[in-house]
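Below is one structure; the comments refer to it alone.
The values are calculated or read from the model by the stated rules, or taken from the named source; none is laboratory data. This structure is a prediction, so every number in the text was calculated from the model and none was measured. Cβ placement follows ideal geometry from the backbone for every residue including glycine, while neighbour counts extend to all protein chains displayed. For accessibility, only protein heavy atoms count, side chains too; no ligands or nucleic acids. Shrake-Rupley method; radii C 1.70, N 1.55, O 1.52, S 1.80 Å.
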Amino acid sequence: MSIIKADNLNYDYLEYGEDGEKPEITHAVRDVNLKIKEGQFIAILGHNGSGKSTLAKHMNALLVPTGGTMWVDQMDTHEDDEVWDIRQRAGMVFQNPDNQIVSSVVEEDVGFGPENLGVPTDEIWKRVDDSLRKTGMIAYRHHSPNKLSGGQKQRVAIAGVMAMKPKCIIMDEPTAMLDPNGRHEVIQAVRDLNKSEGVTVILITHYMEEVIYADNVFVMDEGRLVMQGTPREIFSHVDELHELRLDVPHVTQLAHALRLKGLDIPEGILSIDEFVDAIMKIRDGGAVSDERKQALGENPEERENKADRENPSLT
Amino acid sequence: MSIRLDHVTYTYSPGTAYEMHALKDVSLELPDGHFIGIIGHTGSGKSTLIQHLNGLMRPTSGHVYFNDEDIWGEKYDRRNLRFHVGLVFQYPEYQLFETDVITDVCFGPKNQGLSEEDRMKRAEEALRQVGVDESLFRKSPFELSGGQKRRVAIAGVLAMNPDVLVLDEPTAGLDPMGRDEILGTVAGLQKQRGITVVLVSHSMEDVAEYVDQLIVMNHGEKAFDAPPREVFSHYKELEKMGLAAPQMTYIMHALKERGLDVDVHATTIEEAEESILHALGRK
Amino acid sequence: MFKDITIGQYYPADSLIHKLDPRVKFVGTLIYIISLFVFHTWGYVLGTVFLFSVIRLSKVPLGFMLRGLKAIWILLIFTMVLNLFLTQGTVVWQFGILHITREGIGTAAKMGIRLVYLIIGCSIMTLTTTPNKLTDAMESLFRPLRKVHVPVHEIAMMMSIALRFIPILMEETDKIKKAQMARGADFESGNVIQRVKAMVPILVPLFVSAFRRANDLALAMEARCYHGGDGRTQMRPLVYQSRDLAAYAVLLAYLAAAIVLRAVLHW
């Protein structure tokens, strides 16, 4: 069953010029249809202004479509009565780590959501302990958020969402303001939650290296959904991605460049190991005689299988 | 117009329980006209370091020299120094305050005491060089997109005609295209104006492509100071510092280990491509 | 300068005073302030004994508490000097139009003691209570005001958010100031008007940033189902323990003693 489903979703807003006359209509999201299954790890890609954040805000009823429908756990976000249920089911983590933490003590901030939901006191504490443990932030429970690193603050924000017992977490560029270590820390934390708790994760980002772990990738441009597929499928289209102002991992780019030079490398290479194996295959296949290959006791197919085994995250 | 740091140490709250060395005995030279990268993880002292370059922070011990003059010497005009060493902070768009773009860019030149006419000339030139379209000059800076705001903020420092331009993570928070555009612009400026550029970054990939000298900071100390390819050959030590070499370095080392004779110093995609084709005998 | 203000700072320790219900401490501080204005002469001895006993119990070093006075010493001296010279009565010393009276010495001393005790009294409350608990206490004590449509919950929420963002905005001010200095801004020279004008490049970005943060935070709070105080539970509901009731008894006895001293014994 799908946890999130968009049916012909459109979102337009009026923008008033400086003189206050003639409002201009901006189509932030256009005719988006998508279905996200429970328990998946989904990535939404797109450059700044492609409509990905606007789409994300529809997923927990912070915005309501001006055309079409958004279903969250079978609830229509147009229904005013269900807005709090929707937000409990689909939690959201934002970009700026400072501007989403309400309390001056970590554990109290994590309790903020359950307090709003009217959860009894004992249960709140259970949830706070549990969420802090799952995000690895239990040691910092009495700290002030101001003393934490960016990655730690985002983990507190994730714990705050988890304490509401959501089915789905929507992360709107949670790593855009972090350094590489912080980014790694946050992505690791949500991947763990996705695996161990079965929480659906929807990660909005423009960092390609965060996308390779996703089950499914959506690419947005000018408010439309323009590509959809597994990371490998998406990264097989290096040139199209560049046209969409997106980056691809450097190893994918290198493989692509060599392929253009006539080397027989498969499209959509995502890891260094895969790449190295592909190059070795070419060397052994091209320059080395068959006897040599036999002497090495390997054949190309075996090696390919080995490459897959080395990269379990991709399969 | 070289800057030289001589055994600079900076200590927060010296003599108290909160004492912390942000910089420990750092000596370095930033020669004229070079493109220099400073890299290090958060808290490695790189932000403290760059604030010493234009006299916003005073070393607890040691000396900072600009053109062989001690900037903390008696009667040294540090305000004037800041016009020569332009510093662009992280997220510089948050310092914009004027009613329109061009007036904001004029703020620096105005502080320099330039005439109205000269200020405008400087501001227009700077805005054009960072790629801000003329149609935006009279708009409010708050109406622009994130990337445009950042360009305007960089122009605000550039308009002072500094000899040295220091940028603290100028690409933070931008999307890949925005990042490439800003870095391209900065590299262009460096060539066009022939100025020294100091780029603080987290990304080895960015640095690998542009700089000719790379300084690596770790726990307030200078860990490396050499051309990038030399620094990246220490990729195992970089990892211990919580940093990583560019992906290319790992690929080339992996290929070499498997017996392919490639150049392990290749750090950009183009270099790697060339070297692999060569090693495979395809060129 | 901000470093000297100990009011509003929290001093973590494990003491009876720290453990008391914040409402007791809030009410206790009020009672203490009232008593300071009830006392006439000997009452101050009672006030002193009470104050020092509480300080002792709180395990907060006396020196730390007195540091809070540094911020108000100008006000203190000003008040005392004014009272010393401007009170009419028996003249004990005269120079030109300046004179000191016996009554003046008395009033000045009294005002000085009152002010010092007042500051220390309030410091004890804030030093032993986290800002969050203090806000909870105020929300709980003022809850009856909701009947007359005072948004008590909202005010308390605003206070706790302000407490969270003050350090962030202070840091931000520092950053913006440095960024403008890097563009040659001069905050140190010039006359008063020039200096005020020089603040514009700091204040405008600061306000813009504060509004941006407020906007983000409101959205984040809504996303976490915040919809006002109705139907909200509390993570740390305030519940009186027996020690809190005992403390109330002590406070009442103290207030009664103060009134008896003044109204019955005329001390």
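Observations on the model:
- Matching residues, the stretch C:135-151, being surrounded by fewer than 19 Cβ atoms within 10 Å (Cβ to Cβ) and of a type outside the set (D, E, K, R): C:Met138, C:Ser140, C:Leu141, C:Phe142, C:Pro144, C:Leu145, C:Val148, C:His149, C:Val150, C:Pro151
Here's the yes/no breakdown for (1) away from chain B (no Cβ under 14 Å); (2) in contact (Cβ under 8 Å) with a residue 24 or more places away in the chain; (3) under 25 Å from C:Val38 (Cα atoms); (4) in a helix (DSSP H, G or I):
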| site | (1), (2), (3), (4) |
| --- | --- |
| C:Pro205 | no, yes, no, yes |
| C:Arg212 | no, no, no, yes |
| C:Asn215 | no, no, no, yes |
| C:Met221 | yes, no, no, yes |
| C:Ala253 | yes, no, yes, yes |
| C:Ala258 | yes, yes, yes, yes |
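- Meeting the requirement of 2 or more residues that are of a type in the set (Ser, Thr, Tyr) and surrounded by 15 or more Cβ atoms within 10 Å (Cβ to Cβ), the strands (runs of 3 or more DSSP E) wholly within the stretch B:1-110 are B:3-12.
- Selected residue [under 30 Å from A:Ile86 (Cβ atoms), in contact (Cβ under 8 Å) with a residue 60 or more places away in the chain and away from chain B (no Cβ under 12 Å)] from C:Gln241, C:Gln234: C:Gln234
- Test: residue in the stretch C:97-111 that is loosely packed, with under 14 Cβ neighbours inside 10 Å, of a type in the set (Lys, Arg) and within 22 Å of C:Ala257 (Cα to Cα): no
- Looking only at the stretch A:83-100, and only at residues there that are assigned to a loop (DSSP other than H, G, I, E, B) and within 7 Å of another protein chain (Cβ to nearest Cβ), the one that is farthest from A:Gln40 (Cα to Cα): A:Asn96
- Matching residues, the stretch A:39-71, being hydroxyl-bearing (Ser, Thr, Tyr), under 24 Å from B:Asp175 (Cβ atoms) and either away from chain B (no Cβ under 14 Å) or open to solvent by 10 Å² or more (accessible area, probe 1.4 Å) (or both): A:Ser53, A:Thr54
- Residue list for the stretch A:136-153, filter: more than 25 Å from C:Lys133 (Cα to Cα) and crowded, with 23+ Cβ neighbours inside 10 Å: A:Gly151
- Checking each residue in the stretch B:112-128 for being assigned to a helix (DSSP H, G or I) and open to solvent by 40 Å² or more (accessible area, probe 1.4 Å) picks out B:Glu116, B:Glu117, B:Asp118, B:Arg119, B:Met120, B:Lys121, B:Arg122, B:Glu124, B:Glu125, B:Arg128.
- Residues of the stretch B:244-255 that turn out to be within 20 Å of A:Asp264 (Cα to Cα) and open to solvent by 20 Å² or more (accessible area, probe 1.4 Å), as a count: 1
- Single condition A:Val106 does not satisfy, out of (1) within 21 Å of A:Lys167 (Cα to Cα); (2) within 12 Å of chain C (Cβ to nearest Cβ); (3) surrounded by 21 or more Cβ atoms within 10 Å (Cβ to Cβ); (4) not charged (D, E, K, R): (1)
- Failed item in (1) within 14 Å of chain B (Cβ to nearest Cβ); (2) in a helix (DSSP H, G or I); (3) more than 21 Å from A:Val156 (Cα to Cα); (4) open to solvent by 70 Å² or more (accessible area, probe 1.4 Å), with C:Ile176 passing the rest: (4)
- Residue in the stretch B:136-145 that is at pLDDT 95 or above, out of contact with any Leu (no Cβ under 6 Å at 6 or more places or on another chain) and of a type in the set (A, V, I, L, M) present: no
- Elements of type strands (runs of 3 or more DSSP E) in the stretch A:1-82, at least 2 residues being of a type in the set (S, T, N, Q) and assigned by TED's automatic domain parsing to the domain that holds A:Tyr213: A:2-15, A:24-37
- Residues within the stretch A:124-135 that are crowded, with 24+ Cβ neighbours inside 10 Å, more than 10 Å from every other protein chain (Cβ to nearest Cβ) and part of a helix (DSSP H, G or I), tallied: 1
- Filter result for C:Glu222 (open to solvent by 50 Å² or more (accessible area, probe 1.4 Å) and at pLDDT 90 or above): yes
- First in the stretch A:255-277 and within 11 Å of chain B (Cβ to nearest Cβ), second anywhere and open to solvent by 10 Å² or more (accessible area, probe 1.4 Å) and among the basic types (Lys, Arg), Cβ under 8 Å, 6 or more apart: A:Lys261/B:Arg282; A:Gly262/B:Arg282; A:Leu263/B:Arg282; A:Ile265/A:Arg259; A:Val276/B:Arg258; A:Asp277/A:Arg303; A:Asp277/A:Lys306
- Listed by position, the helices (runs of 4 or more DSSP H) inside the stretch C:73-155 whose residues that are in contact with a strand residue (DSSP E or B) (Cβ under 7 Å, 6 or more places away or on another chain) number at least 1 are C:73-86, C:102-128.
- Candidates A:Val161, A:Val219, A:Val226: the one that is open to solvent by 40 Å² or more (accessible area, probe 1.4 Å) and β-branched (Val, Ile, Thr) is A:Val226.
- Filtered by the rule that a residue be among the hydrophobic types (A, V, I, L, M, F, W, C) and closer than 28 Å to A:Gln100 by Cβ, the stretch C:143-162 gives C:Val152, C:Ile155, C:Ala156, C:Met157, C:Met158, C:Met159, C:Ile161, C:Ala162.
- So B:Val130, is it within 18 Å of the chain's Cα centre (by Cα) and within 10 Å of chain C (Cβ to nearest Cβ): no
- Selection count where residues are open to solvent by 50 Å² or more (accessible area, probe 1.4 Å) and at pLDDT 80 or above, scope the stretch C:67-85: 9
- If you filter the stretch B:143-175 down to residues that are in a helix (DSSP H, G or I) and open to solvent by 10 Å² or more (accessible area, probe 1.4 Å), you find that the one that is farthest from the other protein chains (Cβ to nearest Cβ) is B:Arg151.
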